[in-house]
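Every number in this text was worked out from the coordinates using simple rules, so none of it is lab data. Quantities reported herein were computed from a predicted structural model and do not represent experimental measurements. Here Cβ is always computed from backbone atoms with ideal geometry, including for glycine, and neighbour counts include all displayed protein chains.
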Amino acid sequence: MANRRHAIIDQLEPQIQETVKEMLRANFTYKDIVDYLASNGTQVSQSAVCRYAARFAETTEALRMAQENFRGIMEETAKYPNLDPTDGILRLISHQLLDAINGMPEEQRQAKNFDELIKSAVALTRAVAYKKQVDVRSKELLENGADQFAGALFDAMATERPELYKQLRAFLDEKKEKSP
């Protein structure tokens, strides 16, 4: 994990930080940002603003990519109603993991300690298995609940409204015969 950074700009008031970010988005020069900060009582070098801008751009790009990936996952899951967004996310993570491994040069792969990678793969596999297990349980509970509700409804109808029960039973039997 990377060392935590403590840039001067990160320690400023949120309102000033937000203004600096807006200035970066609007392509102000580093000199303009340094002048703005100086007018607010903070002395910062242009190189410090440059480093902050680079980290800000990197973070912004990572966020944009994450949003784009998530939008893609949601579009795909919308096309396939039986596909859960969690499945899409797990597939994306698996794909990225395999791409990272395939993109490594052979000597780097051999020198790499794969313990962390293996732990990540095992955790991913467990997550997929757990999700499928939860899906099966949820489906069973839903089906059992629907069956119990239908049974209670038919019992009450047979006792309190026998004519309506006979009509409903005849209708359901007729539909069952017509279905393939």
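Quick rundown of the values:
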item	result
In degrees, nearest ten, helix 46-79 long axis to first principal axis of the chain (Cα)	20 degrees
Under the Karplus curve 6.51 cos²θ - 1.76 cosθ + 1.60, θ = phi - 60°, whole-Hz ³J(HN,Hα) for segment 148-154, x wherever Gly or Pro sits	5, 5, 4, x, 5, 5, 5
On Cα atoms only, tilt of 85-103 relative to the major axis of the chain in degrees	50 degrees
Rg followed by Dmax, in Å, when segment 29-80 is reduced to its Cα trace	18.1, 56
Filter on LYS131/LYS175; LYS79/LYS139; LYS21/LYS119; LYS131/LYS178 - keep pairs with C-alpha separation over 32 Å	LYS131/LYS175; LYS21/LYS119; LYS131/LYS178
Most positive-pole-ward Cα, ILE118, ALA156, MET74, against dipole of the chain from beta carbon charges	ILE118
Peptide ranges 83-89, 14-20 listed from the most packed, as the mean C-beta count within 10 angstrom indicates	83-89, 14-20
Distance in nm between pseudo-label sites at LEU142 and ASN69 (7 Å out along the Cβ direction from Cα)	2.8 nm
Sequence ranges 126-136, 58-68, ranked by mean other-Cβ count within 10 angstrom, highest first	126-136, 58-68
Segment 84-180: equivalent-ellipsoid semi-axes (sqrt of 5 x gyration tensor eigenvalues, Cα, Å)	56, 15, 7
Value of relative contact order over the chain, rounded to a whole percent, pairs C-alpha under 8 Å and six or more apart	10 percent
Ellipticity estimate at 222 nm from DSSP helix runs (n ≥ 4, -39,500 (n - 2.57)) divided over the chain, nearest 500	-27500 deg cm²/dmol
